[in-house]
Amino acid sequence: MSGPTLQQRLEILLDHLAEAEREYAAGVPYPDHAGGNWPDKIAGIKQRIATLREIIANE
């Protein structure tokens, strides 16, 4: 059984980004007790989106 397509993975990441941005804007505490934060999480998701878009563009 194969996993999600690149486009499906992009849609999942976009959904995760929207959710993270909503929670950050609403002031929801970051759920990582090891010391993470929303801005770093959001930046990481944006980087993964950029990388995936580059992969899709080069197909």
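Here is how the numbers come out for the structure above:
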| quantity | calculated |
| --- | --- |
| Conditions (1) open to solvent by less than 80 Å² (accessible area, probe 1.4 Å); (2) in a loop (DSSP other than H, G, I, E, B); (3) charged (D, E, K, R); number of the one not met by Glu21 | (2) |
| Qualifying residue in region 3-10 (condition: outside any loop (DSSP other than H, G, I, E, B), of a type outside the set (A, V, I, L, M) and surrounded by 12 or more Cβ atoms within 10 Å (Cβ to Cβ)) | yes |
| Flag if Ala43 is open to solvent by less than 60 Å² (accessible area, probe 1.4 Å), small (Gly, Ala, Ser) and at pLDDT 95 or above | yes |
| Index of the failed condition, Leu14 passing every other in (1) in a helix (DSSP H, G or I); (2) open to solvent by 80 Å² or more (accessible area, probe 1.4 Å) | (2) |
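The values are calculated or read from the model by the stated rules, or taken from the named source; none is laboratory data. Treat the numbers as computed from the prediction; the structure is a model and nothing was measured. Backbone-built Cβ (ideal geometry, glycine too); neighbour counts: all protein chains shown. Please note that ligands, DNA and RNA were not included when accessible areas were found on the heavy atoms of the full protein model with its side chains. Shrake-Rupley method; radii C 1.70, N 1.55, O 1.52, S 1.80 Å.
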